Amino acid sequence: MTHPITGLIHHPYVPPEGFEAPQLGVFKASTVFFPTVAAMRSREWKDKTAYTYGLHGTPTSYALEERLATLEGGKQCLLVPSGLAALGLVALSLLKSGDEVLLPDNVYGPNKSLVEGELMGWGITHQYYNPMDPEDLEAQISSRTKLVWLEAAGSVSLEFPNLVEMVRICQRRKVLTALDNTWGAGLAFGPFDLVPGASPAVGVDVSAHALTKYPSGGGDVLMGSVITRDAGLHLKLKLTHMRFGIGVGMNDVELVLRSLPSIALRYRAHDAATRTLAAWAQTQPEFVQVLHPALEESPGHAHWKALCGGAEGTAAGLFSVILDKRFTQAQTDAFCDALRLFRLGYSWGGPVSLVVPYELETMRSGWPAHLLPGTLVRFSIGLEDVADLQADIAQALNALR
Ligand SMILES: *Cc1c(COP(=O)(O)O)cnc(C)c1O
């Protein structure tokens, strides 16, 4: 007989097997037990046939990884603590001193900080290419180019690139491609099969996704994923992931698992409301250009239509407006301050609509030629009633009039 205190730790009760419910349950661990020393020594860590240590996964994280790989049409998935950590993992794993990485000029801002503030110090150089010009991308590929980042649509200004052509160029030049797929979320297009039925497949090598946005859907979780289709590439990324110890917490994984079944419904709802508001914004004289891939006036509209399917397709929940250049930045800021339902805040994909005024000229190599001059405001559309959101923008425009 052991002491009751020991019994609290080593209790003989084992719940019956066969429990099934809509949610899987949350398996949390640092320590994972092995039945024998032999099992411990021969532990399998390369695939998901066993468990080794909580940092490398439990049934809960394995389940989310498999579901996300299915969503994006990939085969393997790694979870990391944020979308930015996903971009960082790709860079850490695939780039070495002497290598060069290419990024679109409209790349997600913190990816710029990563290459300029960290990678440069490790002897990894970078160049920015014009996302609207595949020839410019090709011209910048050299023998040192090891990775090309792609983004569709581009951050903040939402240009839609000719993704198919750019991936074809990289495949021909044997350079790895990594797509920041946060906007498309695996719903707008299939990143690993950009041309359905094509053989060999026209697709990216790596899809990085900020699960913080649509997969979470709540504005209350930070997480990222790195999805691949090639086992060797996945293993390389997984080793880096293991060496740096960038695992995720299972309570956060549970939240994403809970939201994932409704992602397609939410994405369609964000998309429909965003298109309604973007079309209305076009009729407002203060906005000289409305940036949303489904609008003809938006750069790259034809590429969006070809890849995402036009009216039947989807286009996420973001649009930006350029305010006439007669308005100062202070007036534009006052317009944003006057909004009531739209809250000031970064990120997107949750229930609350958000607004951010961006000083685009400080983020790009100059004001892009395909955008009219002015000040830029980006809206991310939540799940509120669309008429209320339109009325909110209309009342805030009065701050300008
Ligand atoms: C939000 C975002 C990220 C980073 O996600 P976090 O989880 O906030 O770090 C990366 N790329 C894009 C395009 C994003 O919008």
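Here is a check on your reading of the model: is THR31 outside the structural domain of VAL226 (by TED's automatic domain parsing), loosely packed, with under 15 Cβ neighbours inside 10 Å and closer than 28 Å to CYS77 by Cβ?
Values: outside the structural domain of VAL226 (by TED's automatic domain parsing): yes; loosely packed, with under 15 Cβ neighbours inside 10 Å: yes; closer than 28 Å to CYS77 by Cβ: yes.
It is true that THR31 is outside the structural domain of VAL226 (by TED's automatic domain parsing), loosely packed, with under 15 Cβ neighbours inside 10 Å and closer than 28 Å to CYS77 by Cβ.
Counting only helices (runs of 4 or more DSSP H) wholly contained in the range 249-308, the ones carrying 3 or more residues that are β-branched (Val, Ile, Thr) and touching a residue at least 40 places away in the same chain (Cβ under 8 Å) occupy 263-281. For the range 354-389, the set of residues classified as open to solvent by 40 Å² or more (accessible area, probe 1.4 Å) and within 16 Å of the ligand (Cβ to nearest atom) consists of MET363 only.
Suppose we filter GLY249, GLY309, GLY317 for residues that are under 24 Å from ALA185 (Cβ atoms), within 21 Å of the chain's Cα centre (by Cα), open to solvent by 10 Å² or more (accessible area, probe 1.4 Å) and at pLDDT 95 or above; which single one remains? Explain how you work it out, then say what you get.
On the way: GLY309 fails: at pLDDT 95 or above; GLY317 fails: open to solvent by 10 Å² or more (accessible area, probe 1.4 Å).
Just one listed residue meets the conditions, GLY249.
State which residue is nearest to the chain's Cα centre (by Cα) when the search covers only the range 108-143 and only residues that are among the acidic types (Asp, Glu) and closer than 27 Å to TRP304 by Cβ. Here the residue is ASP133. Here is a check on your reading of the model: is LYS236 of a type in the set (Lys, Arg), within 14 Å of the ligand (Cβ to nearest atom) and within 30 Å of CYS170 (Cα to Cα)? Spelling it out, it is not the case that LYS236 is of a type in the set (Lys, Arg), within 14 Å of the ligand (Cβ to nearest atom) and within 30 Å of CYS170 (Cα to Cα).
When you scan the range 141-155, do you find a residue that is within 16 Å of ILE227 (Cα to Cα) and open to solvent by 10 Å² or more (accessible area, probe 1.4 Å), even just one? Yes: the range 141-155 contains one or more residues that are within 16 Å of ILE227 (Cα to Cα) and open to solvent by 10 Å² or more (accessible area, probe 1.4 Å). For the range 76-100, the tally of residues that are in a loop (DSSP other than H, G, I, E, B) and under 30 Å from GLN140 (Cβ atoms) stands at 6. I'd like to check something: does the range 265-273 contain any residue that is within 16 Å of the ligand (Cβ to nearest atom), more than 18 Å from the chain's Cα centre (by Cα), outside the structural domain of GLN76 (by TED's automatic domain parsing) and among the hydroxyl-bearing types (Ser, Thr, Tyr)? The answer is no, given that none of the residues of the range 265-273 is within 16 Å of the ligand (Cβ to nearest atom), more than 18 Å from the chain's Cα centre (by Cα), outside the structural domain of GLN76 (by TED's automatic domain parsing) and among the hydroxyl-bearing types (Ser, Thr, Tyr). Checked against the criterion of being surrounded by 10 or more Cβ atoms within 10 Å (Cβ to Cβ), under 29 Å from SER207 (Cβ atoms) and of a type in the set (Ser, Thr, Tyr), the candidates THR58, THR6 yield just one match: THR58. At least 1 residues being of a type in the set (Lys, Arg) is the threshold, and among the helices (runs of 4 or more DSSP H) wholly inside the range 109-202 those reaching it are 109-117, 163-172.
The number of residues in the range 145-170 being more than 11 Å from the ligand (Cβ to nearest atom) and out of contact with any Pro (no Cβ under 8 Å at 6 or more places or on another chain) comes to 9. If I filter the range 185-205 for residues that are among the aromatic types (Phe, Trp, Tyr), open to solvent by less than 20 Å² (accessible area, probe 1.4 Å) and away from the ligand (no atom under 13 Å from the Cβ), do I get at least one hit? Checked the range 185-205: at least one residue is among the aromatic types (Phe, Trp, Tyr), open to solvent by less than 20 Å² (accessible area, probe 1.4 Å) and away from the ligand (no atom under 13 Å from the Cβ). Just one residue in the set PRO293, PRO351 is under 21 Å from the mean Cα position of the chain (by Cα) and surrounded by fewer than 18 Cβ atoms within 10 Å (Cβ to Cβ); that residue is PRO351.
Just so you know, in the range 106-135 the residues that are within 15 Å of the ligand (Cβ to nearest atom) and buried (at least 20 other Cβ atoms within 10 Å of the Cβ) include one that is farthest from ARG168 (Cα to Cα), and it is LEU114.
Scanning the range 215-225 for residues that are in contact (Cβ under 8 Å) with a residue 40 or more places away in the chain and either part of a strand (DSSP E or B) or near the ligand (Cβ under 10 Å from one of its atoms) (or both) yields a count of 5.
The values are calculated or read from the model by the stated rules, or taken from the named source; none is laboratory data. Just so it is clear, the model here is predicted, and its values are computed rather than measured. Cβ: placed from backbone, ideal geometry, glycine included. Neighbour counts: every protein chain shown. With ligands, DNA and RNA removed, areas are computed over all heavy atoms of the protein, side chains included. Shrake-Rupley method; radii C 1.70, N 1.55, O 1.52, S 1.80 Å.
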